[in-house]
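These notes are about the structure you will find just below.
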Amino acid sequence: MEALEYVEAPDADEALAAAGLVAAGLPRGDPVDPAYGPEEPVPALPSDFSVLAALC
């Protein structure tokens with residue numbers, strides 16, 4: 001995907017949720033709100049997920 005492409009729902013919804021989970025795992029990231037977040041704790045994500053999230 002190129003940076004200037006348009007992402008439509010539901011792909012955009014999933015990309016935004018994934019970016020939020022990556023951001024929550026960063027050192028100063030806000031934790032995921034359990035009321036709206038996943039029911040199970042999110043395991044540590046691979047470091048390359050941060051790079052992929054930055055592309056979204």
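Values computed for the structure shown
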{"item": "Packing-based order for 19-25, 5-11, using average beta carbon neighbours within 10 Å, highest first", "result": "19-25, 5-11"}
{"item": "Of all accessible heavy-atom area on the range 7-56, the percent that carbon and sulfur account for (1.4 Å)", "result": "62"}
{"item": "Whole-Hz couplings from phi, Karplus 6.51/-1.76/1.60, listed for the range 6-17; x for Gly and Pro", "result": "9, 10, 9, 5, x, 4, 5, 4, 5, 5, 5, 5"}
{"item": "Amide H within-cut-off set for Leu45, under 5 Å, with H built and near neighbours excluded", "result": "none"}
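The values are calculated or read from the model by the stated rules, or taken from the named source; none is laboratory data. Computed from a predicted model, the values in this text were never measured in an experiment. Positions of Cβ are backbone-derived with ideal geometry, glycine not excepted, and every protein chain shown enters the neighbour counts. We work out accessible area using only protein heavy atoms, side chains counted, and drop any ligands, DNA or RNA first. Shrake-Rupley method; radii C 1.70, N 1.55, O 1.52, S 1.80 Å.
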